[in-house]
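**Q** Supplied in structure tokens, the structure appears directly below.
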Amino acid sequence: MLLARYQHEFIEAGCDEAGRGCLAGPVFAAAVILPYDFDHALLNDSKQLSEEIRYELRIEIEQRAIAHAVASADNVEIDAINILNASFLAMHRAIAKLVLSPQFLIIDGNRFNKYRDTPHHCVVEGDAKYFSIAAASILAKTYRDDYMKQIAWEHPEYDWHKNKGYPTIKHRETVLRIGYTPYHRRTFKVSNPQLELF
């Protein structure tokens with residue numbers, strides 16, 4: 001059972017990102033402030049849920065959240081500052097967009113670059129422990145998927161409408177065969193899928 005919050009003194013926002021392991025596209029992040037007594041039977045880590053349920057939950061999260069925001073850092077920024085720092089940048093942008101300023105942050109993962117003077121706590125696998133982080137994971141994932149489906153029409157040969165930019169065999173084979181698009185992360189190594197057969 002997920003918990004409503006990490007602490008009970010301050011207004012708390014949960015933060016998570018989506019797309020760190022992709023070869024193409026931005027990394028997206030979300031920040032969510034939920035009601036103090038929030039509870040939900042289905043809400044969990046977005047990776048544990050079907051695409052259909054994620055989109056259903058997104059509607060409910062946006063209706064029930066006190067505040068929510070989504071932001072991103074694109075592939076050029078990822079190449080410039082590395083994926084970890086770009087993830088933190090996207091989280092900072094999402095937090096800054098909240099209509100209510102949080103007084104405490106809980107972050108999925110084990111590292112974070114401090115946001116202004118706001119105290120924070122990192123939670124490994126936090127999206128399976130706290131509702132606000134799980135909600136942030138749903139928003140980040142679904143909005144990133146929407147973006148990748150949109151740009152997939154520009155480069156259909158990379159199969160982004162299915163793989164969302166993740167390094168599937170077909171995606172890697174296509175990059176090795178015809179090269180990068182303007183959306184690809186140039187600092188990410190594209191390994192030959194055939195090498196994995198040996």
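**Q** Residue by residue, what Karplus-based ³J(HN,Hα) values in Hz, rounded to whole numbers, does the stretch 21-36 have, using 6.51, -1.76 and 1.60 with θ = phi - 60° and x for Gly and Pro?
**A** x, 7, 8, 9, x, x, 9, 9, 9, 9, 10, 9, 10, 9, x, 4
**Q** Under a straight-distance cross-link criterion of Cα-Cα below 16 Å, which lysines are reachable from residue 189, leaving out those fewer than 8 residues away in the same chain?
**A** 170
**Q** Multiply the residue gap between residue 39 and residue 177 by 0.36 nm, knock off their C-alpha separation, and tell me the result in nm, one decimal place.
**A** 44.8 nm
**Q** Starting with the highest mean, order 13-23, 55-65 by the number of other Cβ atoms within 10 Å, averaged over the residues of each peptide.
**A** 13-23, 55-65
**Q** Separate question: Within 11 Å, Cβ to Cβ, of residue 173, how many net charges do the neighbouring residues add up to if Lys/Arg are +1 and Asp/Glu are -1?
**A** +1
**Q** Another question, if that's okay. Over the chain, with every protein chain in place, what whole percent of the accessible area is carbon and sulfur at 1.4 Å, could you tell me?
**A** In the chain, the share of accessible area belonging to carbon and sulfur is 54 percent.
**Q** Percent relative contact order of the stretch 113-198, based on C-alpha pairs within less than 8 angstrom and at least six residues apart?
**A** Relative contact order here is 15 percent.
**Q** Let me check against my output: what whole-number percent is the relative contact order of the chain, with C-alpha pairs under 8 Å and at least 6 apart?
**A** Reported relative contact order: 31 percent.
**Q** Here's something else I'd like to know. Counting other Cβ atoms within 10 Å, which GluC sites (Glu not before Pro) in the stretch 122-193 have at most 12 and lie in a DSSP loop?
**A** Within the stretch 122-193, the qualifying GluC sites (Glu not before Pro) (loop, at most 12 other Cβ atoms within 10 Å) are 125, 154.
**Q** Quick check on the chain: of the DSSP beta bridges with both residues there, what percent are antiparallel, nearest 5%?
**A** Close to 60 percent.
**Q** Let me ask something else about it. 5 Å is the cut-off here: which amide hydrogens, built 1.01 Å from N in the peptide plane, fall below it relative to residue 27, excluding neighbours closer than 5 in sequence?
**A** Long-range HN contacts for residue 27: 73.
**Q** Can you tell me which of 34, 139, 49 moves the most in a GNM of the chain? Springs connect C-alpha atoms under 10 Å apart.
**A** Residue with maximal mean-square fluctuation among 34, 139, 49: 49.
The values are calculated or read from the model by the stated rules, or taken from the named source; none is laboratory data. Note that the structure is predicted; figures quoted are calculated from it, not measured. All Cβ positions, even for glycine, are placed from backbone atoms using ideal geometry, and neighbour counts span all protein chains on display. Remember, those area values only see protein heavy atoms, side chains included, never the ligands or the DNA or RNA. Shrake-Rupley method; radii C 1.70, N 1.55, O 1.52, S 1.80 Å.
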